[in-house]
2 protein chains.
Amino acid sequence: MGRLRYSVSMSLDGFVAGQDQSATNPLGVGGHLLHEWMRALAVWRKEAGLDGGEVNASTAVIERDDQNVGAIIMGRNMFGGGPGPWRVDPWNGWWGDNPPFHLPVFVLTHHPRGRLECEGGTTFEFVTDGITAALDRARDAANGMDVAISGGAGVAKQYLAAGLLNDLLLHLVPVFLGAGVRLFDNPALTAITLKQESTVQAPGVTHLAYSIAR
Amino acid sequence: MGRLRYSVSMSLDGFVAGQDQSATNPLGVGGHLLHEWMRALAVWRKEAGLDGGEVNASTAVIERDDQNVGAIIMGRNMFGGGPGPWRVDPWNGWWGDNPPFHLPVFVLTHHPRGRLECEGGTTFEFVTDGITAALDRARDAANGMDVAISGGAGVAKQYLAAGLLNDLLLHLVPVFLGAGVRLFDNPALTAITLKQESTVQAPGVTHLAYSIAR
């Protein structure tokens with residue numbers, strides 16, 4: 001069975017997004033600082049349809065992180081739903097006609113809606129019966145490959161606290177955000193046993209890989 | 001002029017001590033988990049008068065961290081003063097007749113007391129006029145060598161927030177404490193610019209070195 005994985009950029013003071021997140025500033029105040037190391041990479045620019053960029057020690061980390069993923073789970077805000085019920089129907093999120101996932105995506109939400117098929121192989125399915133159900137469906141779709149949590153720290157925190165996450169890849173950025181969304185703020189995390197897997201230092205970031213045992 | 005340095009073990013969720021710290025449990029609940037990597041080392045055991053222990057990638061990090069230190073600053077609790085005025089006079093802390101510092105130590109406190117000379121070259125001086133005064137006196141005593149902050153996260157946090165810390169060496173331990181004393185919980189830290197210096201992975205810990213610019 002594939003593994004459930006989450007990769008995220010985190011400030012040295014433990015924030016994965018700045019404060020005052022909004023539809024126009026989804027990363028919150030200072031949150032863009034968490035992603036500068038990635039936006040400098042050729043591998044990132046290529047996916048965004050841009051030329052140029054760097055090849056450095058982060059490149060192999062990112063390439064490996066993209067491999068063997070068969071399905072994606074995301075939160076409702078990451079999809080682009082915003083607060084409240086679906087604002088526009090059909091509302092296709094902010095990803096456009098050809099979202100960059102090219103995989104089955106399972107969106108955790110309280111608001112049912114029908115499956116959405118996009119160009120390029122991305123499908124969105126909307127799961128209203130909780131994180132375990134979403135994981136079961138994503139694992140079925142992944143067909144033995146891994147399932148990645150793609151954004152929405154809240155979603156990742158739920159899977160981590162429930163002991164369902166298998167692999168955590170932290171991109172630790174040497175910056176202080178001072179406030180915002182903490183990845184690790186749950187006293188129940190003491191039930192989780194971590195194993196340090198690898199450490200890679202790269203320009204503007206250190207990649208820390210952990211596996212998780214219950 | 002020497003640099004002001006602080007080294008500390010931190011859990012992945014950002015705690016440098018567990019909750020419910022007390023005189024009988026100064027590390028707080030679970031806090032001992034932060035130091036297991038160090039207690040396994042031959043270099044640590046030797047300083048503690050014990051035989052055996054491991055030599056691994058942490059050894060060189062610890063040895064380098066012990067070099068070129070000419071004076072130490074610590075908080076009142078680290079000295080062993082406990083809450084309130086000095087409990088016993090002369091109260092020599094919990095370090096015994098021959099403390100392991102062998103250097104001039106400057107203790108930040110609100111309670112004046114006279115200089116204390118111990119066996120083995122350790123002297124304690126008690127500074128009541130603030131962190132800048134303590135740093136000035138420690139720098140004079142260090143005579144061009146570095147000054148190390150030795151314990152008392154509260155003291156380190158004050159120097160960090162004031163922009164006076166030059167070097168931060170985090171020993172990041174793959175464990176969740178869930179609660180306790182956070183090293184980084186100050187919104188004013190956004191004024192601090194960090195530079196990532198080095199990363200060393202070792203058994204049970206990753207050593208992350210940063211320098212700090214204002």
Taking only pairs six or more apart or across chains, which ones have beta-carbon atoms under 6 Å, a first residue in segment B:4-33 that is within 27 Å of B:Val69 (Cβ to Cβ), and a second residue that is among the acidic types (Asp, Glu)? B:Arg5/B:Asp146; B:Arg5/B:Asp167; B:Ser7/B:Asp65; B:Gly28/B:Asp20
Checked against (1) in a loop (DSSP other than H, G, I, E, B); (2) closer than 30 Å to A:Ala191 by Cβ, B:Gly52 satisfies every condition except (2)
Criterion violated by A:Val55 - all others in (1) surrounded by fewer than 21 Cβ atoms within 10 Å (Cβ to Cβ); (2) modelled with pLDDT under 95 satisfied: (2)
From the residues in segment B:188-214 that are without any contact (Cβ under 8 Å) to a residue 60 or more places away in the chain and over 17 Å from A:Val173 (Cα atoms), which one is nearest to the other protein chains (Cβ to nearest Cβ)? B:Ala188
For segment A:1-16, which residues satisfy the criterion of being surrounded by 12 or more Cβ atoms within 10 Å (Cβ to Cβ) and modelled with pLDDT under 95? A:Gly2
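The rows are residues; the columns are (1) under 22 Å from B:Gly80 (Cα atoms); (2) within 14 Å of chain A (Cβ to nearest Cβ).
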| site | (1), (2) |
| --- | --- |
| B:Leu12 | no, yes |
| B:Gln19 | yes, yes |
| B:Leu33 | yes, yes |
| B:Leu41 | no, no |
Just wondering, is there one or more residues in segment B:148-162 that are closer than 27 Å to B:Gly28 by Cα, within 13 Å of another protein chain (Cβ to nearest Cβ) and crowded, with 22+ Cβ neighbours inside 10 Å? yes
Boolean, A:Ile62 is under 26 Å from A:Tyr210 (Cα atoms) and outside any strand (DSSP E or B): yes
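The values are calculated or read from the model by the stated rules, or taken from the named source; none is laboratory data. A quick note: this is a predicted structure, and the numbers were derived from the prediction, not measured. Virtual Cβ from ideal backbone geometry, glycine too; neighbours counted across all protein chains shown.
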